[in-house]
Amino acid sequence: MKIPKAYDPNKKEGKIYKLWEKTGYFNPDNLPENHKDPFSILMPPPNANGSLHIGHSLFITLQDIMTRYNRMKGKKALWLPGADHAGFETQIVFEQKLEKEGKSRLDMEREEFYEKVWDYTQKNREVVKDQIKKMGASCDWSRDTFTLDEKIVETTHNTFKKMADEGLIYRKKRLVNYCTNHQTAFSDLEVEHVRRKTPLYYIKYGPFILATTRPETKFGDTAIAVHPEDRKYRKYVGKEIRIKTLLGEKKIKVIQDEAVDREFGTGAIKVTPAHSEVDYEIWQRHKDEMPDPIEAIDKDGKMTDVTGPYAGMSVEKARKKVVQDLKKKDLLQRIDEEYEHNLSVCYKCGKKIEPILMKQWFIDIKPLAEPAIEAVKSGKIKIIPDNYKKVYLHWMENIKDWNISRQNWWGIEIPAWKCQNCSTEDDEKWVITAGKKPKKCPQCEENNLERDGDVFDTWFSSGQWPFATLLNESDLEQYYPTSVMETAYDILFFWVARMIMLSLYKTEKIPFKTVYLHGLVRDENRDKMSKSKGNVINPIEIAEEYGTDALRMSLIVGNLPGKDVVISENEIKGYRNYVNKIWNMFRFLMFRCEDYEPGKNPKLSNKDKKLIDEFNEKAEEVTSHIENFEFSHAAEKIYHYSWHRFADEIIEESKPILDDKNKKAGRQEVLITIFTGILKLAHPFIPFVTEEIYQKMPLEDKKETLMIEEWPI
């Protein structure tokens, strides 16, 4: 058998993947009969609006390791892939594409825009699918799912209808996070907080001096608040004081609330419920002492009519003008120019989030959170690493109602229709269905129904991923709850917590038994990768240059759960050398074992037996590490044993033995047995080179593919 001197991944990987697909073993239904006990894992669906990044490569590698290992252990292993429509994010990407073409979403009807985005995502899905295959993913493509597939949309609508029927859904005018640039609301989780220096303005309010970073919102002030333990303001508490404003004199009441930070400014604050989350909560607690919120800023980021001469101005322009006028009227005491504080910004455009009073759809979340807390506390769901259990529980125990409506066009429309006949501005009458438009309003029996038009927060539909993807009865029975949910720690609340809540609500079962959280991938300086820094590693380009196996090893060795992963090109080069080392071991063995006869079972010396026992001990250690989700430790043990023990020592000491006619057959048996075992142990980590070698190995009872070989232990 002629064996090339060097292993060329670019020539081999595509052919090997086609071999795997041809066997049909990615689909657990096609596995041999001895694969009985189920193992299941669901792929966190990559967005269908761009290429894979290095973070995707990490989760693909980790999940493929788990799937290949369990398949070789005789499990009926299902790894279900998918792609995410990624509502808001995809709409932004597509609108940027339109802008480059000199077009706009507003130039077309909503249905036309939706169709164009659909076509765009479907084309991109195929690109992403090919890239996932490039990474060696042994997932079941026959079950590939898109988050806008009919069955997912139907499931999402049904869940919403069930929650509405049970009183867990409400529509209410509440303060929400709003991006005036993108014209949509967000949940609290989607808001980024950045440290910025902005001026702090000290404004005269009668006998008070109040500090604020937002003087333009003063038109919405409805109270002055002080801390209950602050003695210097005690004589004013409960009283109305007369103050001068830019629009004339007004009365305003002084209240007490523990939310006031006594260290901020002068220890007294202006309360503006329509434009501050803290102030809105203060108003909720003091409704009997304060008037209703006054809206000074609208959804376009412009000043409203209540601001008088400032109406129509942008927030930035109004702020400058207000400050000028405060100075003129001697209502501004001073300005601290270098005040540093947290600012809420849109995670896509970086512009300031405006707290806006809007009617939105909310989930009454506490009834869903309670069983989700119990599931983790009781150990029904295990979170790895363990410290994230406390993080999860803290967030869940302090969870707030979830705003699930978005104002973008791309996504799953909320199946709610307002009856124009029955509704008033203060009392809206909504008809909620499981998807289809009702023929008439059940109250007035008229067909004067208008659809809400908002779409669901993407996390609401993807939060139903575990059961929505396993809709047929057989799959649900076999694979649900799934065995593992593997994902990045930064979406523990965005996705994992919501999957637990919604799955327990809808199925009364936990969605998965174990949550494995990986870290973020950083460069060799531990910096976060970004295009602006120029430190982004393209996994596909790297795989084409050094081979997918080398990239996979570099992502796993040193990778501990919940910890960020440091990766560099030099490291990837090093693991390419390891792949070549495996290939060279194979070449040596085939050269020195040309006359090896599989199944002959020659007599082994005591030394030969000890070498096999030593390998079996190492295999047990590797197995234990994988079972305990210690993938880095497992990979390191395989690496060091195969290179430093097997290649550097066992092969070297075997060379003279292979020249001894009396001992040759026994030593060949040992070398082939151990090396085959190494291939099996290494296969989940470096599947391509191990499969290529396996196909050429002289073995008795060789399987169609290494994928279904029995695990060594």
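Laboratory data are not the source of any read-out in this text; all were calculated from the coordinates shown. Not measured: the values here are computed from a predicted model. Positions of Cβ are backbone-derived with ideal geometry, glycine not excepted, and every protein chain shown enters the neighbour counts.
In straight-distance terms, cross-link reach from K603 covers every one of the aspartates and glutamates whose alpha-carbon lies under 15 Å from its own, apart from those fewer than eight places away in the same chain; here that gives D660, E669. Note on the chain: dipole from Cβ charges, positive end direction compared against W465, F493, I414; the farthest Cα belongs to F493. If the cut-off is a Cα-Cα distance under 19 Å, which lysines reach K253, setting aside same-chain residues fewer than 8 apart in sequence? Answer for K253, where 19 Å is the Cα cut-off: K204, K218, K232, K235, K239, K244, K270, K287, listed by chain and number.
Karplus-derived 3J(HN,Hα) values for the range 414-422, using 6.51 cos²θ - 1.76 cosθ + 1.60 with θ = phi - 60°, are 6, x, 9, 10, 8, 7, 5, 6, 8 Hz; glycine and proline are entered as x.
Grab the DSSP H runs of the chain that are 4 residues or longer, score each as -39,500 (n - 2.57), total them, divide by all residues and round the 222 nm result to the nearest 500 deg cm²/dmol.
Details: 21 runs with 270 residues, N = 713.
When only DSSP H runs of four or more count, the value is -12000 deg cm²/dmol.
P(r) of the chain in 10 Å steps, Cα pairs, percent per bin? Computed distribution, short to long bins: 3, 12, 20, 20, 17, 12, 8, 5, 3, 1, 0. Counting other Cβ atoms within 10 Å as a rough exposure proxy, the listed residues S554, S423 run S423, S554 from fewest neighbours to most. Each label was represented as a point 7 Å from its Cα along the Cα-to-Cβ direction; for I612 and R195 these points are 6.2 nm apart. Shape class of the range 233-278 from the Cα gyration tensor (axes a ≥ b ≥ c, square roots of the eigenvalues): oblate, since a/c reaches 1.5 or more and a/b does not exceed b/c.
What's the extension gain from K5 to E101 if we count 0.36 nm per residue and subtract their Cα-Cα distance? Each step should come with its number before you reach the end.
Working: separation 96, 0.36 × 96 = 34.56 nm, distance 5.02 nm.
Difference between extended and current length: 29.5 nm.
Taking the Cα centre of the chain as origin and charging only Cβ (+1 Lys, Arg; -1 Asp, Glu), how large is the dipole, in debye to the nearest 20? Before the final figure, lay out the partial values.
Working: 114 positive and 117 negative charges, 268 e Å.
Roughly 1280 debye, rounded to the nearest 20.
When only the Cβ of Lys, Arg, Asp and Glu is charged (+1, +1, -1, -1), the dipole of the range 337-450 relative to its Cα centre reaches about 700 debye.
Partner lysines whose Cα lies under 16 Å from the Cα of K573, excluding those fewer than 8 positions away in the same chain, are identified as K581.
Summarising the amide proton neighbourhood of G312: residues at separation of 5 or more, or on other chains, whose placed amide H is nearer than 5 Å comprise M303, T304. For Q333 and D527, the difference between the fully extended length at 0.36 nm per residue and the C-alpha to C-alpha distance is 65.6 nm. Just in the range 413-514: which GluC sites (Glu not before Pro) are loop by DSSP and have at most 11 other Cβ atoms within 10 Å? Those that pass, being in a loop and sparsely packed, are E425, E445, E508.
Taking other Cβ atoms within 10 Å as a rough exposure proxy, I297, I356 sort from fewest to most as I356, I297. Between amide H atoms placed 1.01 Å from N, distances below 5 Å from D457 occur with S405, R406, all of them 5 or more places distant or on a separate chain.
In terms of surrounding Cβ atoms within a 10 Å radius of their Cβ, K380, K528 rank from fewest to most as K528, K380.
Across the range 184-355, the fraction of Cα-Cα pairs farther apart than 22 Å, rounded to a whole number, is 44%.
Legend: translational diffusion of the range 553-679 by Stokes-Einstein, Rh = Kirkwood radius over C-alpha pairs, 10 °C, 1.306 mPa s; D = 100 µm²/s. Assuming charge only on the beta carbon of Lys and Arg (+1) and of Asp and Glu (-1), the dipole of the range 184-355 about its Cα centre is about 880 debye to the nearest 20.
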